[in-house]
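Novice: Could you have a look at this structure, given as structure tokens, before my questions?
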Amino acid sequence: MAKTRVEIVQDNLVTYLASAPAAAALLPGDMPLTPHTSLTAAQALALFQDQVTTRLLDVAARELRKTNQSFYTISSAGHENNAVLGELLRLNDPCFLHYRSGGLMMARSRQLPGSNRILDNVRSFCASADDPISGGRHKVWGSRPLWVPPQTSTIASHLPKAYGMAYALRRARRLGMKNGLSADSIVLCSFGDASANHATALTGINAARYAVRRGGDVPVVFLCEDNGIGISTETPRNWIHDNFSALPHLHYVELAGTMDEIWDGAAAAIEHCRRTRSPVFLHLHTVRLWGHAGTDVETSYRPLEEVEAIEARDPLLANARQLIELGAATPTALQKIVHDVQARIDAACVEVTNRPKLTCVTEIVRPLAPYDEKAIRATSRSQVAAAERAAAFGEQLPEKSTAPLKRTMAAHINAALTDEMLRFPEISLFGEDVGRKGGVYGVTTGLQKKFGPHRVTDTLLDETTILGLAQGAGTAGLLPMPEIQYLAYIHNALDQLRGEACSLQYFSNDQFANPMVVRVQGLAYQKGFGGHFHNDNSIGALRDIPGLLLAVPSRGDDAAMMLRGLVATARACGRVAVFLEPIALYHERDLLADGDNQWLFDYPTPDKLLLPGEVGVYYERAKDILIVSYGNGLRLSLRAARQLEGKGIHARVLDVRWLNPLPFDAIKRHATECKRVLVADECRATGGGIADTVISALAESGYGKPLGSVRAVDSYVPLAAAANLVLISDTQIADAAAKLCR
């Protein structure tokens, strides 16, 4: 039977070690490997063992896959020289790692006394429930003691948060955050040459350069592991060099060859980053052995001669040859390393394949959305001194205000942000135009003057950067409150929430968290102004994100209390939350008629908050029909309820407030007390809002009474009066309710 490419590469190393002649004399362990490097013989030998370890683990993963005991076969074979970075970095330099950074992870693990890197890795690719980082949820490089937050990225979507963490380090240090990092910690982020073309990679690198240009600290090493191919598509020759070597505010270093040839250049790059607190692009040439993954037949798109030429550049083979020829080790010593490592891996495989996997849904989802109400309420009880509040608010505290313009939703949110930033100094607010301008709608007016530009910051105009900064800041121990200027804009960066931020607690088994409250200005009803980019009524993509808290206020006092609840939940439980603020309600004062001022509410004192599941109920004694709504739809539903009264129909109106997770218990309780249910959903009919979910949940629960909905048309929102034709109205709600009652 023909040998596989894995077997051929392995045999090349075994054959060489069996036939190589030993050097005439051995180097002392503390001697440099060559006159041109500071890498000692002992360090080189330890690195070789790290490289052998990751290589043989890759082989084991593929062998176990044959019997369906391993579930991940993307290997680090050919990339093992990244172990040099693992040796040079400190354990308090956070690392966001590419899936081919196995050598780096092995060298880093060796620095931690008591670490069992072989057993841990076998647990990971075998999806063992006792995998110490993910608990069997995914094969990831990650470790809490090693400061390696797990990444599931395959397209460099982790670069923005690596930038964000590097940028946030100085702020966290000034606040004395106890995150285990030191004053000169730096961040490393590794990725592949193909991924370097992805928008998120370019975003992270651009954001770091931009921040330095603006005078900020961004101590991050972007490690591009360049093997010249992405799955089956070749990277053009010199593409990485030509694209990144001459960018301003980015120190470029290019390295290739054996361990000693990489060592000093990598050390200098790390030292430059640590000393200047500025970004470095470290271009490391590697090769890719054995295709993209275990199922990839490389010879289907690469000539055999090319595959063999790449295999001849195997870094383990080159490093073994150098160690032996320079007298750092004998062939027998290297053979013993291979034998001993293989024996440990074999033992670990036997142990792990007999260990339990995840078998319980409750355990699988446990770290997805941690929620501890007792801790949240304890967090919310933290109050600031009266004198401090008085100094921040000036002449009049917001709860004492009687002026109508000071009691709108925008004013309530502004006051709540002030209170929360006074209460928690780790809160920072940032986004497009939030600082000097005070936001497009004036919601953040005056906050930069109160708290300074380091806490209220104008960012560049890129939502991926904004959410990447939030993730990095949250992981560093801060509590970020980024603003996305319009709901439509978040779609440009949605994977930063879905694939990255909301997955961190899940894939780290709740060992890492990136708490944040993302303020998003959105929804429609702006009287025809702005078109669909400023009137986006599609929230389905947000509701689809596992673990995301999604809240939509309908009135000013609720907005203040819900915002406090989200801040307390994020701080106490590490959660990611989106606070979707209805733009059309920011400055709304009236309910039933112009000038009635019935949509102005008193500011709730700072001790009051609302938590997920706590809904708003209007006309609770009414039982003819329950109208379920949220956001702009609540105000429309209350107007519709008044119209229905004239027809002798008494409607109860429920403001669900929380759209993910939906408060099903409250909805079912009120639905049971009423004769029928109508959902007034301002979002698009097919999957844009909550109507389909509410109606199906009630139907499946055996509700058995009439159900209906009013939903917006499946269309972008047009300009001018045409907008009214695709959005729901109070008249439509009233007519649908009356019809349902008939």
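Values quoted throughout were computed directly from the atomic coordinates according to the rules given, and no laboratory measurement underlies them. Computed from a prediction, not measured in an experiment: that's the story for all the values here. All Cβ positions, glycine included, derive from the backbone under ideal geometry; neighbour counts span all protein chains shown.
Novice: Note down the nm distance, to one decimal, between modelled labels 7 Å out along Cα→Cβ at Lys450 and at Leu592.
Specialist: According to this spin-label approximation, the distance is 3.5 nm.
Novice: Considering the convex hull of the alpha carbon atoms of the stretch 5-359, report its projected area averaged over all viewing directions, in nm², one decimal. Mind showing how you got there, number by number?
Specialist: Working: hull surface 72.8 nm².
Averaged projected hull area, Cα only: 18.2 nm².
Novice: Report, by chain and number, residues whose modeled amide H sits under 5 Å from the one on Leu659, excluding near sequence neighbours (fewer than 5 apart, same chain).
Specialist: Under 5 Å from the amide H of Leu659 lie the amide H atoms of Leu550, Ala551, Val552, each far enough along the sequence or on another chain.
Novice: Charges only on Cβ, +1 for Lys and Arg, -1 for Asp and Glu: so what's the dipole of the stretch 410-506 about the Cα centre, in debye to the nearest 20?
Specialist: Dipole size: approximately 340 debye.
Novice: Say each of Val365 and Ala391 gets a label point 7 Å from the Cα, pointing the same way as Cα to Cβ; how far apart are those two points in nm?
Specialist: The modelled label-to-label distance comes out at 4.7 nm.
Novice: Where both partners of a DSSP beta bridge lie in the stretch 5-359, what percent of those bridges are antiparallel, to the nearest 5?
Specialist: Among the beta bridges of the stretch 5-359, antiparallel pairing accounts for roughly 15 percent.
Novice: Which order do the peptides 203-211, 334-342 take when ranked by the mean count of other beta-carbon atoms within 10 Å per residue, highest first?
Specialist: 203-211, 334-342
Novice: Send over the per residue convex hull volume for the stretch 373-585, Cα only, as a whole number of Å³.
Specialist: 117
Novice: Report the dimensions of the stretch 616-741 along its three principal axes from the alpha-carbon atoms, largest first, rounded to Å.
Specialist: Each principal axis gives a Cα extent; for the stretch 616-741 these are 41, 34, 23 Å.
Novice: Which of the aspartates and glutamates could a cross-linker span from Lys668 if the Cα-Cα distance has to be under 19 Å and same-chain partners fewer than 8 positions apart are dropped?
Specialist: Hits, sequence-local ones excluded: Glu614, Glu620, Asp624, Asp655, Asp681, Asp692, Glu700.
Novice: Estimate the FRET efficiency between Ser729 and Asp510 by the formula 1/(1 + (r/R0)^6), using the beta-carbon distance for r and 51 Å for R0, to the nearest 0.05.
Specialist: After rounding, the FRET efficiency stands at 0.70.
Novice: What percent antiparallel are the DSSP beta bridges of the chain, to the nearest 5? It would help to have the intermediate numbers written out before the result.
Specialist: Numbers: 9 of 62 bridges.
Of all bridge pairs located within the chain, approximately 15 percent are antiparallel.
Novice: Still on this structure, I have one more. Using a Förster radius of 30 Å, what is the FRET efficiency between Phe601 and Val384 based on their Cβ-Cβ separation? Nearest 0.05, please.
Specialist: With a Förster radius of 30 Å, E is 0.85.
Novice: For the pairs Lys623/Lys675; Lys406/Lys527; Lys178/Lys450, flag any whose C-alpha to C-alpha distance is greater than 18 Å.
Specialist: Where the Cα-Cα span goes over 18 Å, the pairs concerned are Lys406/Lys527; Lys178/Lys450.
Novice: What does DSSP give for the stretch 616-741 in terms of the percent of beta bridges that are antiparallel, rounded to the nearest 5?
Specialist: 20
Novice: Moving on. Show that you can apply the helix-only estimate: for the chain, add -39,500 (n - 2.57) for every DSSP H stretch of four or more residues, divide by all residues, and state [θ] at 222 nm to the nearest 500.
Specialist: -12000 deg cm²/dmol
Novice: How much length is gained on full extension from Arg377 to Lys647, taking 0.36 nm per residue of separation minus their Cα-Cα distance?
Specialist: Once the chain is fully extended between Arg377 and Lys647, it gains 92.8 nm.
Novice: What is the packing order of peptides 23-29, 573-579, taking the mean over residues of other C-beta atoms within 10 Å and listing the highest first?
Specialist: Numbers: 23-29: 12.6, 573-579: 24.1.
Result, highest mean Cβ count within 10 Å first: 573-579, 23-29.
Novice: Quote the charge dipole size of the stretch 577-668 about the Cα centre in Debye, to the nearest 20; the model charges only the Cβ of Lys and Arg (+1) and of Asp and Glu (-1).
Specialist: Charge dipole of the stretch 577-668: 360 debye, to the nearest 20.
Novice: Now for a separate question. Just to confirm a number: summing +1 for Lys and Arg and -1 for Asp and Glu over residues other than Leu91 whose beta-carbon lies under 12 angstrom from that of Leu91, what do you get?
Specialist: Cβ neighbours under 12 Å give a net charge of +2.
Novice: A further question follows. State whether the stretch 261-363 is rounded, prolate or oblate according to the following rule on the C-alpha gyration tensor (a ≥ b ≥ c being the square roots of its eigenvalues): a/c under 1.5 gives rounded; otherwise a/b larger than b/c gives prolate, and the remaining case gives oblate.
Specialist: On the way: a/c = 1.36, a/b = 1.22, b/c = 1.11.
The shape class here is rounded.
Novice: Full-extension gain between Thr299 and Ala18, please, as 0.36 nm times their residue separation minus the C-alpha to C-alpha distance.
Specialist: That pair, Thr299 and Ala18, stretches by 98.3 nm at full extension.
Novice: Quick check: the distance between the Cα centres of the stretch 520-542 and the stretch 87-119, to the nearest angstrom?
Specialist: The stretch 520-542 and the stretch 87-119 have Cα centres spaced 45 Å from each other.
Novice: Now, a different point. Between Arg174 and Glu7, how many nm apart are label points set 7 Å from Cα along the C-beta direction?
Specialist: 6.2
Novice: Add +1 for every Lys or Arg and -1 for every Asp or Glu among the other residues with Cβ under 12 Å from the Cβ of Lys608, and state the total.
Specialist: Values: positive: Arg377, Arg381, Arg564; negative: Glu399, Asp419, Asp557, Asp558, Asp602, Asp607, Glu614.
Around Lys608, the surrounding residues sum to -4.
Novice: Moving on to the next point. How much net charge surrounds Asp184 when only other residues with a Cβ under 15 Å from its Cβ are counted (Lys, Arg +1; Asp, Glu -1)?
Specialist: Combined, the nearby Lys, Arg, Asp and Glu give +4.
Novice: What is the packing order of peptides 60-66, 44-50, 517-523, taking the mean over residues of other C-beta atoms within 10 Å and listing the highest first?
Specialist: Top to bottom by mean Cβ count within 10 Å: 517-523, 44-50, 60-66.
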